[in-house]
1. Enumerate the lysines that K101 could reach by cross-link, defined here as Cα to Cα under 20 Å, with residues fewer than 8 away along the same chain left out.
2. At a Förster distance of 25 Å, what's the computed FRET efficiency of D84 paired with Q5, Cβ-Cβ distance as r, to 0.05?
3. To the nearest Å, what is the center-to-center distance of region 80-101 and region 16-36, using C-alpha atoms only?
4. For region 1-110, just say rounded, prolate or oblate: build the C-alpha gyration tensor, square-root its eigenvalues into a ≥ b ≥ c, call rounded for a/c under 1.5, and beyond that prolate if a/b exceeds b/c, oblate if not.
Amino acid sequence: MGEVQLVAFVLENEEFAVDIKQVREVLKITKITPLPRSIDFIEGVINLRGEIIPVIDLCKKFGLERIEGRDESGRIIIVEIEDDEVGLIVDAVTEVIRLPKNSIQLPPTDVAGTHNDLIQGIGKMDERLIIILNLERILTTEENITFEKLTLPEADSQ
């Protein structure tokens, strides 16, 4: 049967999760340096122990309207997406959970207007439904190119 281990977090009162294998660390919200003329959901960059990491506001990426400003429970989840590290701003990281694989279902395919490719599955845990994100689909090809341009000077200096 098997199980998956996930890092659960909250965005605008909805519960999401990502595979723990892709999570490098969780940080408190820190100073984020904005990038002029970047895509609206790219909040900027942070310096993490000498490494420049782009940071994405998942609320903006998913088109969720932020009801209130960020509070002290806000976090940046550093994840690895296709060999690049990216920070994801979330409202709160709630817990690490284990779900049996048979309690995860594929998202419905017939709901118009949804981006099901962003969703790896929907986990059922008691009365909770947890949306499990497909991190490889979070960024489009165009957005990945933007990140490559962002990291190119560092690659040239090595």
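Where a number appears in this text, it was derived from the coordinates with a stated rule and is not lab data. The structure presented is a predicted model; accordingly, all values stated were derived computationally and were not measured. Heads up, the Cβs are rebuilt from the backbone with ideal geometry, glycines too, and the neighbour counts pull from every protein chain shown.
1. Partners found: K21, K124.
2. Approximately 0.65, to the nearest 0.05.
3. Each part reduced to its Cα centre gives a spacing of 8 Å.
4. Prolate.
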